[in-house]
Amino acid sequence: MTLRLLGAAVAVAAIAAPALAAGPLTMTTRMMVEKRSAAADGTTRTTLVPAVRVAPGDRITVVLAYRNTGPAPIGNVVLANPVPRNVAYRAVAPGTPAPDVSVDGKTYGSLADLRVRTPDGATRAAGADDVTHVRWRLSSPIAAGQGGELAFQAVLK
């Protein structure tokens, strides 16, 4: 089974300083898939390409790009990204700070600290397959005209 992904497949939420209400923070989400190809030296080269067609088991990278289009810095920015239902969170992408994760969209923390309730009412340690949201708190204000990217790795269910 092959699925087509559209750019709007992932919703993004942001909570920031009052300046966000005026609209200077823009965000886009891209889904990328790993593509392997043979290099001239005989090794295998892996690159990320837009995920247009993917199949269950494909490894994808969800990239959240943000930019301050306003004239002043924006501080206290929190960027949250739901993990789509057909995607299983795996890890933070290389070069991206570790996000807080959630298994219910309300409580965030490190995966090692989260628990999920089982059908019999007990709880167990949360695993990567339980993650429903990722969230980053930016430690520095976003300067006017500046931006960045955050990403996490996942697998298509």
Practice prompt. Express in whole angstrom the spacing between the alpha-carbon centres of the range 122-157 and the range 47-110.
Written response: 5 Å
Worksheet entry | the range 26-34 - phi-based ³J(HN,Hα) in whole Hz, Karplus 6.51/-1.76/1.60, Gly and Pro as x | 10, 9, 9, 10, 10, 9, 10, 10, 6
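Would you work out the charge dipole size for the chain about its Cα centre, treating the Cβ of every Lys and Arg as +1 and the Cβ of every Asp and Glu as -1, and quote it to the nearest 20 debye? Please report the intermediate quantities before stating the final value.
On the way: 17 positive and 10 negative charges, 61 e Å.
The calculated dipole for the chain is roughly 300 debye.
Mind giving me the FRET efficiency for residue 128 and residue 41? R0 is 35 Å, r the Cβ-Cβ distance, nearest 0.05 is fine. Can you show the working numbers first?
Numbers: r = 34 Å, r/R0 = 0.97.
E between residue 128 and residue 41, to the nearest 0.05, is 0.55.
So for the chain: antiparallel DSSP bridges make up what percent, rounded to the nearest 5? Walk me through the numbers on the way to the answer.
On the way: 49 of 49 bridges.
The antiparallel fraction comes to roughly 100 percent.
Just need the relative contact order of the chain here, percent rounded to a whole number, with Cα pairs under 8 Å and 6+ apart. Before the final figure, lay out each step's value.
Details: 355 pairs, mean separation 47.1, N = 157.
About 30 percent, as a whole number.
Computed from the coordinates by the stated procedures, all read-outs in this text should not be read as laboratory data. Quantities reported herein were computed from a predicted structural model and do not represent experimental measurements. Positions of Cβ are generated from backbone atoms using ideal geometry, with glycine treated the same way; all protein chains shown enter the neighbour counts.
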